[in-house]
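To keep things clear, I will list the structure first and then write my remarks on it.
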Amino acid sequence: MRVHNKVILVTGSGSGIGEGIAQRLAQEGAVVVVNDINVQAGQQVVSAILAAGGRASFCAADMTQTAQVQALVAHAVQQHGRLDVVVNNAGWTHRNRPALEVSEDEFDKCYAVNMKSIYLSTVHAVPVFRQQGGGVFINIASTAGVRPRPGLTWYNGSKGAVIITSKSLAAELGPDNIRVNCINPVFNPDTGLSAEFAGGPVDDARRAKFMASIPLGRFSTALDVANAALYLASEEAAFISGVCIEVDGARCV
């Protein structure tokens, strides 16, 4: 049990990568706070964890709204007594298209969900971590923030911001025994946003195009990302802070 009794909040964990992270952490003994704006999906994840013998609770929150994020952190502390780790997984992308065709509303949403959510979780979770003597942030960024490609320019920029912000926070919050790290997954065709990343339905041609860019010859899975999150949340990573782990089959080499 690598994270036994750690209380871990996973944002956007009603499906996809976030769901995989929540389930993997619960398997290793964590008390997981599942968060999503989709109440039914989030509650289903909690039910699955409980049915498997794990421990979890659900709290709906829009990660772009300060009062809701504050209430989410309070839920974790009030329901479970503490908060040890925040996995900032909630994310969104505009559709793959030329930069000038992305609307202002899409741009704003991209930065709100991908970056403002991390600002808000930091603002509200850091005081809890300081009171407890430490804590951990794991921010899910993207290979797009390391090796950007045309068509996702504003998304790429938001994920680049996540990466540099995580490094800056690691330097600033280290004296408080707060670790901050990133995970950069490569394209996963099984997530709800895959068609947006691809610019259309993920047909054989699009799958082949993405696959050709990954030296290990397969796409990332939720479990691949979850195993990286498990390591960073565990005491095995007690001296690891300010790093980005590419879970990408050497895509970014």
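Here are some notes:
- Candidates GLY157, GLY200, GLY12: whichever shows maximal mean-square fluctuation once the chain is modelled as a Gaussian network with Cα springs under 10 Å: GLY200
- Taking MET63, MET211, MET1 and counting other C-beta atoms within 10 Å, the order from fewest to most: MET1, MET211, MET63
- Helix 16-27 and the longest principal axis of the C-alpha atoms of the chain enclose an angle of approximately 30°.
- Rounded to whole Hz, the Karplus (6.51, -1.76, 1.60) HN-Hα couplings of segment 86-101, x for glycine and proline: 10, 9, 7, 9, 3, x, 7, 9, 6, 5, 4, 6, x, 4, 6, 9
- Degrees between helix 39-51 axis and first principal axis of the chain (Cα, 0 to 90, nearest 10): 60
- Amide proton proximity set for LEU83, modelled H, under 5 Å, gap of 5+: none
- Amide H contacts under 5 Å for VAL247: ASN184, VAL186, restricted to partners 5 or more places along the chain or on a different chain, H placed in the peptide plane at 1.01 Å from N.
- Estimated FRET transfer efficiency (GLN131, THR221; beta-carbon r; R0 45 Å; 0.05): 0.80
- Listed residues ASN38, ALA233, GLY81: farthest to the positive end of the dipole of segment 7-247 (Cβ charges): ALA233
- Considering only GLY29, ALA205, ALA48, the residue lying farthest towards the positive end of the dipole of segment 7-247 is ALA205, judged by Cα position with unit charges set on Cβ.
- Along segment 177-182 the Karplus relation, 6.51 cos²θ - 1.76 cosθ + 1.60 evaluated at θ = phi - 60°, assigns HN-Hα couplings of 6, 10, 9, 9, 9, 10 Hz to successive residues, with x for each Gly and Pro.
- Footprinting exposure proxy for ILE214, ILE17 (fewest neighbouring C-beta atoms within 10 Å first): ILE214, ILE17
- Between segment 32-58 and segment 187-209, the Cα center-to-center distance that results, in Å: 27
- Unit charges at the beta carbon, dipole of segment 97-169: most positive-side option, GLN131, PHE107, PRO148: GLN131
- In this simple spin-label model, placing a label point 7 Å from the Cα along the Cα-to-Cβ direction at both ARG55 and GLN78 gives a separation of 2.0 nm.
- Listed by Cβ neighbour count within 10 Å, with the fewest neighbours leading, ILE8, ILE138, ILE163 appear as ILE163, ILE138, ILE8.
- For volume of the Cα convex hull per residue in Å³, the candidate list reads [x] 258; [y] 147; [z] 120; the entry that matches the value derived from this model is [z].
- Counting only Cβ charges, +1 for Lys and Arg and -1 for Asp and Glu, the dipole size of segment 7-247 around its Cα centre is about 260 debye.
- Under 29 Å, Cα to Cα: Lys pairs in the chain, sequence gap 8 or more or different chains: 10
Read-outs: derived from the displayed coordinates by stated rules, not from any lab. Bear in mind that the values here come from a model prediction, so they are computed numbers and not experimental data. Using ideal geometry, Cβ is built from the backbone for each residue, glycine included, and neighbour counts are taken over all protein chains shown.
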